[in-house]
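Read the structure below first, then the notes.
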Amino acid sequence: MRKLLLLLWLALPVYAFSQGFQVNLEGEKQIGMGHTGTGTLLDGASVFFNPGAVAMLPENYIQGGISPLVFESEFNPSGTSTEYHTANKIATPFTFYGVWGPKSSIWKLGLGIYTPFGGLTDWGDTWQGKYVLESLDLKTIYFQPTLSVRLTDFMSIGAGFVYNHADIDLTQAIPITNSNGGDGQAHLSGTGKGYGWNAGIYIKTESGVTVGITHRSGVSTTFNGSADFAVAPSLQSNFPSPNSFNSTVPLPATNSIGFGFYPSPKWTLALDLNAVSWHVFKTLAFDYKSTSPALANTAIPQDYQDALSLRAGAQYKSSDKLAWRFGGGVASAASPDGYVSPQVPDANRFYFTGGIGYKLANHLNLDASFEFEHLMPRTQTTISTQLSGTYETNVYIPGISLSYHW
């Protein structure tokens, strides 16, 4: 029983830590070009992709976008032909960017508000793994004020402070009876906060190739929340309720290098390489306000590994008003064997993206994108729960944004 309760807390940060659910949806132009943007200068989303490039933007920007995300995962228990599927719920990652600086100055100020981690998973209350997870809703919002300075005509630098606000809501069945004779139920909810920074350098080479190098720091996020357990009155003393918890989670740092190539005025090609320092996630610890023999403070080993992603994309301007974009990439799994779970059916993956940009007016642009991502089938037995089977996941993400520039 104690181990089953501890699994409730596994779902909170592990879901955020997945390579697949590190939500890389920070700009519609960049999504359309395979999520590239470290070494190119496209719009105000450079606040996220490379703060060092912001000072090189020829205009000021106000822009916002949304990328509804549908996550479809399937689980086939080992030795059976049964299939369980997640509900088709829609998460709503969003972005807002503002960039401003006098036309003749060497500096620009920026503000980014974006959602780099999170998601929405609902396996329901009748599937085989309901005692591991029924549903999970995680949202993180980063606020990033930024300063960028042009050092020369060919080089600029920039950095931003990051504040993270997070929300979590989770439900899980408990294999004991409640007051109505059904499964017990656990409901967790809470908020978290953390701090970090984002910095970069942007260079225009003599050959015309542009290069960007960035570092997004780890963000140590402290969560506090409540835990409520619906169980039969005779068992309530084993499940102190209402209860509360706290936990500090080390969200990993990301290092990126990107290149922009311009074979003609109509074409922009881009290539990005990203390394995510998942190795910081070795142990997951929780402290509870009220404990019992069934619910105790805990430290659970995770042993995550660093992950890499390679991204490539292109933009073709068929006219002054219309641009076409396409791209794709591959990424390695962060979750090692033995730690894959329904919260994070993590696996090596590939994706394809496309997009279109249209100039609505002299200072107003509309950009849209679409992404399909496929996680390779992965057969696992989770060490902590012994849930065994094969996961396979597809993700579908349309997106749209408006940008006003002057």
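Take the cross-link list 130/282; 130/289; 29/317; 204/321; 103/317; 139/193 and give me the ones stretching past 19 Å between alpha-carbons. With Cα atoms farther than 19 Å apart: 130/282; 130/289; 204/321; 103/317. Under the convention that each Lys and Arg Cβ holds +1 and each Asp and Glu Cβ holds -1, the size of the dipole of the chain around its Cα centre is about 920 debye. Charge dipole (Cα centre; +1 on Lys/Arg Cβ, -1 on Asp/Glu Cβ; no other charges) of the stretch 118-159 amounts to roughly 220 debye. Peptides 85-93, 339-347, 196-204, ordered by how many other C-beta atoms sit within 10 Å of their residues on average, highest first, read 339-347, 196-204, 85-93. Eigen-decomposition of the gyration tensor built on the alpha-carbon atoms of the stretch 56-130 gives equivalent ellipsoid semi-axes of 46, 10, 9 angstrom, largest listed first. Using C-alpha pairs below 8 Å separated by at least 6 residues, the relative contact order for the stretch 348-406 is 36 percent.
The relative contact order of the chain, computed from alpha carbon pairs under 8 Å that lie at least 6 residues apart in sequence, is 19 percent.
Segment residue 381..residue 356, full-extension length gain: 4.8 nm, with 0.36 nm per residue of separation and the alpha-carbon distance subtracted.
Helical content alone sets the calculated 222 nm signal of the chain at -1500 deg cm²/dmol, taking -39,500 (n - 2.57) per DSSP H segment of four or more residues and averaging over every residue.
Rounded to the nearest 20, the size of the Cβ-charge dipole of the stretch 36-181 about its Cα centre is 640 debye, with Lys and Arg at +1 and Asp and Glu at -1. Restricting the calculation to Cα atoms, every distinct pair contributes to the Kirkwood radius of the chain, found to be 22.1 Å.
Computed over the stretch 197-296, the range of Cα coordinates on each principal axis works out to 75, 24, 18 Å, biggest value leading. Label separation (residue 122 vs residue 275): 4.1 nm, computed from points 7 Å beyond Cα along the C-beta direction. Coupling constants for the stretch 215-228 follow from the phi torsions by the Karplus curve (6.51 cos²θ - 1.76 cosθ + 1.60, θ = phi - 60°), and in residue order they are 9, 9, 5, x, 10, 6, 10, 9, 9, 9, x, 10, 9, 10 Hz; glycine and proline get x. Within the shell of other residues whose beta carbon sits under 10 angstrom from the beta carbon of residue 35, the net charge comes to -2, with Lys and Arg scored +1 and Asp and Glu -1. Considering only 212, 27, 101, the Gaussian network model of the chain with Cα springs below 10 Å gives its largest mean-square fluctuation to 101. Please find, in a Gaussian network model of the chain (springs between Cα atoms separated by less than 10 Å), the residue of 309, 318, 384 whose mean-square fluctuation is greatest. Comparing 309, 318, 384 in the GNM, the peak value goes to 318. Shape of the stretch 170-255 from the C-alpha gyration tensor: prolate (a/c of 1.5 or more and a/b above b/c, with a ≥ b ≥ c the square roots of its eigenvalues).
Quick check: the angle from helix 2-17's long axis to the longest principal axis of the chain, C-alpha only, nearest 10 degrees? That works out to roughly 10 degrees.
Each value in this text was obtained by applying a stated rule to the coordinates, not by laboratory testing. None of these values were measured; they are calculated from a predicted model. Cβ coordinates were reconstructed from backbone atoms using ideal geometry, including for glycine residues, and neighbour counts include every protein chain displayed.
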